[in-house]
């Protein structure tokens, strides 16, 4: 009676204990108030987690209207309800797999295109929904507004919708984000605060529409406690930790001959599956990019200096090209 969706995605993050995890692209420095936050979450876990007041306070901090969601994943499903049924979904190659999975779940017709704004713009038709990850996962390439202009113009001229995934924008040194009536921007705190188990993010644009279909209490008491401390923190944690991450990022770029605008890299190693297993034997987990359509590449993130030293040593031991 009920048939499964015949499309699956694979995500990073350790599924086994004891490995130094470079496969998930997270801030390696947890907030100082983490212990207090969990204590607060326990205190309020016996009540329904309403967060409308916190949503308003977050709007003041961010500077524009928004919709709090349980990370970007919930936002994608809400988008499916609002915009994907029977539509044409334009999705770049070599990017986050949940765009295609969500599109297929909601019956959209998926069209793949180049992961480059100008070339992708050629595929935009009236009423279509375009997904674009900026900076892109898995390669970390970030496009500034002037570079996005062909795609922005095509979306506006043809009455399409651009879904701009900015999950990693906090890690970009000089970020820019376009404005427009046909743009939905997806952001999350799970990456920049290093807390993927706490599902809190937000959507910029069409807040009335997104609020009308979101699930009640979706972020739970831990998410509510996180928002309380985040708002009090005022993004100070990001101002403290990002310069440290950027310094280590530059060191990895020079040492391993890689380049990215975000907090993660891809590197060609030959057989990614075998390389991942070889790294595991050295106590390190990196991400195979086979699920992104790049079976010769692995992805790895920026961690603390001493942890990055271990990664560098393992790469040198295994050798270039593996």
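The values are calculated or read from the model by the stated rules, or taken from the named source; none is laboratory data. What you see is a predicted model; the values in this text were computed from it and never measured. Neighbour counts are summed over all protein chains in view; Cβ atoms, including those assigned to glycine, are modelled from backbone coordinates with ideal geometry.
Things worth noting here:
- Residue in the range 258-271 that is assigned to a helix (DSSP H, G or I), touching a residue at least 24 places away in the same chain (Cβ under 8 Å) and either buried (at least 22 other Cβ atoms within 10 Å of the Cβ) or in contact with a helix residue (DSSP H, G or I) (Cβ under 9 Å, 6 or more places away or on another chain) (or both) present: no
- Count of residues meeting criterion [farther than 24 Å from residue 207 by Cα and touching a residue at least 40 places away in the same chain (Cβ under 8 Å)] in the range 171-187: 3
- Options 163, 110: the member that is modelled with pLDDT of 95 or more, surrounded by fewer than 20 Cβ atoms within 10 Å (Cβ to Cβ) and in contact with a strand residue (DSSP E or B) (Cβ under 7 Å, 6 or more places away or on another chain): 110
- Considering residues of the range 24-57 that are in contact with a helix residue (DSSP H, G or I) (Cβ under 6 Å, 6 or more places away or on another chain) and assigned to a helix (DSSP H, G or I) only, the residue farthest from residue 165 (Cα to Cα): 40
- Taking residues in the range 272-287 that are at positive phi and modelled with pLDDT of 95 or more, and partners anywhere that are in a strand (DSSP E or B) and surrounded by 16 or more Cβ atoms within 10 Å (Cβ to Cβ), the pairs with Cβ atoms closer than 7 Å and at least 6 places apart or on different chains are 283/20.
- Within the range 226-257, considering residues that are without any contact (Cβ under 8 Å) to a residue 40 or more places away in the chain and in contact with a strand residue (DSSP E or B) (Cβ under 9 Å, 6 or more places away or on another chain), the one surrounded by the most Cβ atoms within 10 Å (Cβ to Cβ): 253
- Residue within the range 117-130 that is crowded, with 17+ Cβ neighbours inside 10 Å and under 16 Å from the mean Cα position of the chain (by Cα) present: no
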